[in-house]
Amino acid sequence: MFGWQGKLLRIDLETKKISIEDLKTEDLLDFLGGRGLGVKFFVNEVNADIDPFAPENKIVIAVGPLTGTGASSASLCSIVTKSPLTNTIISAQVKLYFGAELKAAGYDVVIIEGKALSPTLISIKDDDVSLLPADFLFDRPTDEALSLFQISFNDPWVARETRFLHIGPAGQKYLPLANLITDGLPVANSVGIGAVFGSKNLIGIAVRGTKDILLYDGEVFFKTVFKDLENLSENLKSFSDLSTYLVFEDFIEHNILACCYFIQPFASEVTLSQIKEIWKRHRGCFSCPIACLKTTQRGDFLPEIDAFMSLGPLCGIYDVKSISKIYALCIKLGLDPVETGLTISCAMAMKEKGLFDDESVPFFGDKKTILELIPKIAKKESPLANGAFKLCQELNNPDLFLGVKGRSIVFDVRNHHYLGLVYATSNCGATHLNGFVFTKENYDEIPQKVKLMQDKIAVLESLGICPYILKGISLENLLTIFQATTGITLTKEEFLKKGEEIYQIEHNFNEKAGIKRDADMLPVKFSFPEFEKILESYYKLRGW
Amino acid sequence: MERIRIDHTKCTGCRYCELACSLNHLSTAFNPKKARIRVLKEGKRFFPVISGPHTEAACNIKVDLVIGEKVYDFCDLCRAACPYKGVFKDPVTEIPLQCDFCGIDAPGPACVKWCPSGALTLVEVPSYY
């Protein structure tokens, strides 16, 4: 089989039974891989109304047909499960090297089920899969856990080439704010999945693979990728230069950024040049020519725009160095930087209004107290530990929560209606990762463009390609690469249809889980007059 | 004579060189573990390393320590450049691999041509090197 490895690995943590199954060719052709295949297996095997923390909930990890090959930015590995934060299906995208290593180990899909009795580590070395005790990693900060794990090998070279995906102390305490960490980078869109890992007593997954990934036509592949690399478009070059801050100045101009939990508009208290000053090195994921990740001189990752806004200006902090310090602390504890920042910001807003009286919660701009508060959240010693949505409900002020389906909003969508519809209709709560395009459009086009972008991202994540590539490389370019890898010819329309199908399956799962139409609502504060109209025509397009 | 120059400050860790090398030598498959160039991560920096000739000789300060069933050989960073230790070995057949300055379209090795960050460049050096 070209492109795919054609194997499924099933691990039952409770009975410690490990089995390898063959994947059906029809499934691979219908759902491609990655997010598509992950969603397919998850929906088939798990009841929609399950409690996310129940042992019957499963974790499906899947790589795409292009993951691990040299196609531009093909590094993604999807993790699909039911999120305790939003109670919806969620698919996280693991970047860096984990996906490529899993593919090289010879598996397209890994399904983890059951609950281990004690902290466990899954070790995958090609065909040799084992469950190891992981008590030595329990309750350790993520950076410490990574180095402890690496020195447990007797061969430092093998330790370097083994990729580790793990949770931090927050995940081990079942916090809905917990996320996954790989190689010091928080996994995109993984808020809540850390808690599902924790509820299964699964501390981490270590992978090393030495198998070949076969190609249908090596020469065409080589030449196409080489051509792509040579003609890297200007758009991608500026994306590589500015990363997600590419939209920073546009957003300021259109009042899309805000401060102090959306009480004040953002008035350039921090400038782009101040942010860029601390970027010392560029980091790229596996086979990525863009290298949009920015690090310090020591190699610690720096926040992207969403994490930057939620930990910084939305909490009233404008000092770039303090923001990166708070960000680093979140990663250490395994907390999702975006959701944690917005939860603190929400609590601050309530304290400012006199609705919430807790000494550990600071006022806007108090960075010292925030640094003391975050470890308390990770230890579950603070009322903020369950997220902003639960906090607002506990205090009988559900209207103060600014988010969709239990997940908080980062950008002020009153001035960006396109993003408003993306937030409202996303299958895993308010996130821009499920269909970002930062342009202003007219109202007739918004529903169509949102749907197109959601489908495109679903299919790219199924192929294993990072959606950031859309900035410079179109879906058509990928058709040649897909053909050269797998030997299967698909048209652009067929690709988009698969994306639509995947989105539909996710939506159906959410509906069965009890997330009905009325959940697709923006908070009252962010609603705009045309919202009902564009939502209605979006539903018509989807046929819902 | 041409040599590959490595500028580790520019390396982003994308490992395109490993992919290019393995595709060029295996022709229809990718496998970074069979590449003749590997990106080594030390601390939080990346160092691309090219495999040199293989000989049956190791340095004389090398000590193997056996504890239980595990062998600790203390070989770490310098192993990448060691002509004896098996970093650059085919994982299945254990045959040593050596960089041959290949290229699908001559001139130029595949890794240099694919490197998107400019960390690998081809330089002309006098032949006495």
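Nothing in this text is a laboratory measurement; each read-out follows from the coordinates by a stated rule. All values reported here derive from a predicted model rather than from experimental measurement. So basically every Cβ, Gly included, is an ideal-geometry build from the backbone, and we count neighbours across all protein chains shown.
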Exercise. Please work out the C-alpha center-to-center distance from region A:253-326 to region A:208-238 and express it in whole Å.
Key: 30
Practice problem: Between A:ASN47 and B:GLU94, with labels modelled 7 Å along Cα→Cβ, what's the label distance in nm to one decimal, could you check? | Solution: 5.3
Practice problem: Order the peptides A:61-67, A:359-365, A:77-83, B:120-126 from the highest to the lowest mean number of other Cβ atoms within 10 Å of their residues. | Solution: A:61-67, A:77-83, A:359-365, B:120-126
Practice problem: Along Cα→Cβ, 7 Å out, is where each label goes; now give me the distance between the ones at B:THR28 and B:THR55 in nm to one decimal. | Solution: 3.9
Quiz item: For region A:33-102 and region B:16-82, what is the separation of their C-alpha centers, rounded to whole Å?
Solution: 32
Self-check item: region A:391-408 residues near the modelled A:ASP358 label - backbone nitrogen below 12 Å, point 7 Å along Cα→Cβ
Solution: A:391-395
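Please state the relative contact order of chain B as a whole percent: Cα pairs under 8 Å, 6+ residues apart?
Working: 202 pairs, mean separation 46.6, N = 129.
Value for chain B: 36 percent.
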Quiz item: What residues have an amide H closer than 5 Å to that of A:ALA188, excluding those fewer than 5 places away on the same chain, when H is modeled at 1.01 Å from N in the peptide plane?
Solution: A:GLN93, A:LYS95
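Going through region A:464-544, which trypsin sites (Lys or Arg not before Pro) have at most 10 other Cβ atoms within 10 Å and a DSSP loop state?
Details: sites: A:LYS471, A:LYS492, A:LYS497, A:LYS498, A:LYS512, A:LYS516, A:ARG517, A:LYS525, A:LYS533, A:LYS540, A:ARG542; in loops: A:LYS516.
Counting only loop positions with at most 10 other Cβ atoms within 10 Å, the trypsin sites (Lys or Arg not before Pro) in region A:464-544 are A:LYS516.
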